[in-house]
């Protein structure tokens, strides 16, 4: 990052904090160059060369009884949330006191601090109280079917089956309850494990995708051959790889892309905790769910309606229909 660009972002960031008396929320605020403010700040705050700037921001926040949280402090706030709600927050559901998004932080943090994932898991009463020996014979086929469709082990809260049981909790229990079946599942999943692509291969696949679409793919719309989301990768690397953004702009069509939209007429699905389910399916389809009275009935109409969470429905939001493309609000 050039010094001039940093100074511009620094001034804009300080102005935002002074004006709003808080750190920006991820995906909500952008610099004048369209870079996400909070993602940029989260990245540089771990680097010693920006220590003075980070201290300056922290000093401003202290005037309003706020602070930049350390990972240790976030660990405790995250556990406090779990103890109160008895679930791992879904993306966009909860934020730390410094406005950092909880789900994104946890998904990243647990990868380099494995013991914390164990602490979180053991804090969930759902995990502590589930007796797999009692229900395994009834849920075995449904569990294995979901794993085969997903082709990986799901995250917590990602897939829910009968009686609100988390598929990831079942898998965690299965490791000790039935190690032979667990081993078979892992061997099956090895078929789908691909090596990570090199940077050159990513650039090639991304440019090919943009040429085909005529625009930069939206989040979760297109993936690399190793499963990585293209939009997320490009948002980071367009400011790192020389000439990448200019190469992309050459391939973008002048006219706006025509995109199909899903429209759902749905009742208000709730789980036992009182939160809404997100309902989604394949682009271009129209499903009338207005006469469906349960989430299970909706799943029978379209088997992809098994994922809980996301950004389409907010908790306690009254809504009759949804218009969106590829899982992203229109």
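The values are calculated or read from the model by the stated rules, or taken from the named source; none is laboratory data. Quantities reported herein were computed from a predicted structural model and do not represent experimental measurements. Note that each Cβ is placed from the backbone with ideal geometry, even for glycine, and that neighbours are counted across all protein chains shown.
Annotations for the structure displayed:
- Considering the range 46-64, the residues that are more than 17 Å from residue 16 (Cα to Cα) and part of a loop (DSSP other than H, G, I, E, B) include one that is nearest to the chain's Cα centre (by Cα), namely 46.
- Qualifying residue in the range 77-87 (condition: surrounded by fewer than 16 Cβ atoms within 10 Å (Cβ to Cβ), out of contact with any strand residue (DSSP E or B) (no Cβ under 9 Å at 6 or more places or on another chain), over 28 Å from residue 165 (Cβ atoms) and outside the structural domain of residue 241 (by TED's automatic domain parsing)): no
- None of 30, 38 is in contact with a strand residue (DSSP E or B) (Cβ under 9 Å, 6 or more places away or on another chain) and farther than 30 Å from residue 166 by Cβ except 30.
- The single condition among (1) in contact with a helix residue (DSSP H, G or I) (Cβ under 7 Å, 6 or more places away or on another chain); (2) closer than 20 Å to residue 36 by Cβ; (3) not assigned by TED's automatic domain parsing to the domain that holds residue 22 that residue 50 does not satisfy is (3).
- Residues located in the range 87-100, provided they are under 19 Å from the mean Cα position of the chain (by Cα) and farther than 25 Å from residue 7 by Cα: 87, 88, 89, 90, 91, 92, 93, 94, 95, 96
- The condition of being farther than 17 Å from residue 103 by Cα and assigned to a helix (DSSP H, G or I) does not hold for residue 42.
- Comparison of 95, 156 shows that the only residue that is surrounded by 14 or more Cβ atoms within 10 Å (Cβ to Cβ), in contact with a strand residue (DSSP E or B) (Cβ under 9 Å, 6 or more places away or on another chain), in contact (Cβ under 8 Å) with a residue 60 or more places away in the chain and within 17 Å of residue 38 (Cβ to Cβ) is 95.
- Condition met for residue 68 (outside any helix (DSSP H, G or I) and either touching a residue at least 24 places away in the same chain (Cβ under 8 Å) or on the phi < 0 side of the Ramachandran plot (or both)): yes
- Number of the condition not met by residue 125 [criteria: (1) buried (at least 17 other Cβ atoms within 10 Å of the Cβ); (2) within 20 Å of residue 90 (Cα to Cα); (3) over 21 Å from the mean Cα position of the chain (by Cα)]: (1)
- Condition check for residue 169: in the same structural domain as residue 87 (by TED's automatic domain parsing) and touching a helix residue (DSSP H, G or I) at 6+ places or on another chain (Cβ under 8 Å): no
- Odd one out for residue 220, checked against (1) surrounded by fewer than 12 Cβ atoms within 10 Å (Cβ to Cβ); (2) touching a helix residue (DSSP H, G or I) at 6+ places or on another chain (Cβ under 9 Å); (3) modelled with pLDDT under 80: (1)
- Selection over the range 98-133 of residues that are under 12 Å from residue 170 (Cβ atoms) and without any contact (Cβ under 8 Å) to a residue 24 or more places away in the chain gives a count of 1.
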